[in-house]
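We did not get these values from a lab; they are worked out from the coordinates using the rules stated. Keep in mind that this is a model prediction, so the values were computed, not measured. Here the Cβ positions follow ideal geometry from the backbone for every residue, glycine too, while neighbour counts run over all protein chains shown.
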C-alpha cells in the first residue's frame, strides 16, 4: 500500500515511483511485461486495459513523455510488474487489482500538482456537484448485466446510457446494483476498477473495502447510501430513484432498507394534502 504521506507531488516524482516499482520487481525484461499485458483479461478480468509495448515502457520510465501516463496504462504496468515478480519468486504473492486504487490516487495527485494554480480572486462558492472524475474507457456490459440493470426501470436504463457514454459515476452505480447480487460480485469488480481509475471516490472506497472481490454486503451499504441521498431530494422522481437503490440494498442483505421502502410506498399512497 502507498500511504498518503509518501505520495509524489508531480509527474516527475510519479515516474520515479514507477521506476522504483520496476526496480523492486527485479527489473523484468520489457518484452516479458508486454507479453503478460496480453493476458490481463484472463488473469484479472481486465479486458479493457491496453497492451504494453517495449517502446512505450521505455519512453515512460525514461521520462521521455511530457505528461504522466494514462490511468489505464499505469494499471497495466503495475499488474504486469507484480505478476512477473511473483512468477519469478521476487515476491511471495501477487496482490493483483487490490494494489490499483492507491496507484490511481497517486497518479491523480501528480496530475493535480502539475496543473497551474487558479487565480486568487473571485473564489467559487462550494456546491453539491457530483465528484470530479475523468471519462472512463469504453466498457462493454454483457447482455445479462444490461438486462439486470434495465430491470430497475427508467433509472437503470438511464444509467446504462450514461455508462456507455463514459460517465464514471454511472459506471460506479451500475457496479453497485450488480454487486448487491451475491452471485455477481466478480462481474462488478472490473467496472469498479475502471470508475476508480477515473477518480470516483465511491468506487475507490468500495474497492478498498473489498480487496478480495466485491462483497454483496459492502455493495448493499453503498446502495443504501445512494438511496438515502436520492430520497433527500423530496420529489416523486427522487423517491423513485431512492426505491431502486433501497431494493438493491435489501437484495444485498441490508434488511433495514426495507423500512425505507415501506415509508416511500406509504407516502405515495397518501391522498394529496393528506
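Odds and ends about this structure:
- The range 59-88 versus the range 214-235: alpha-carbon centroid distance in Å: 35 Å
- Order by protection proxy (mean Cβ within 10 Å, highest first), peptides 43-52, 186-195, 256-265: 186-195, 43-52, 256-265
- Neighbour-count order for 32, 247, fewest beta carbons within 10 angstrom listed first: 32, 247
- Placing R0 at 35 angstrom, the Cβ-Cβ distance between residue 87 and residue 265 gives a FRET efficiency of 0.05 after rounding to 0.05.
- Net length gained if the chain between residue 255 and residue 113 were fully extended (0.36 nm per residue, minus Cα distance): 46.8 nm
- Ranking of 246, 22 by neighbouring Cβ atoms within 10 Å, starting from the fewest: 22, 246.
- Cα convex hull volume per residue for the range 140-274 (Å³): 99 Å³
- With Cα atoms defining each centre, the range 164-206 and the range 25-43 are spaced 25 Å apart in the structure.
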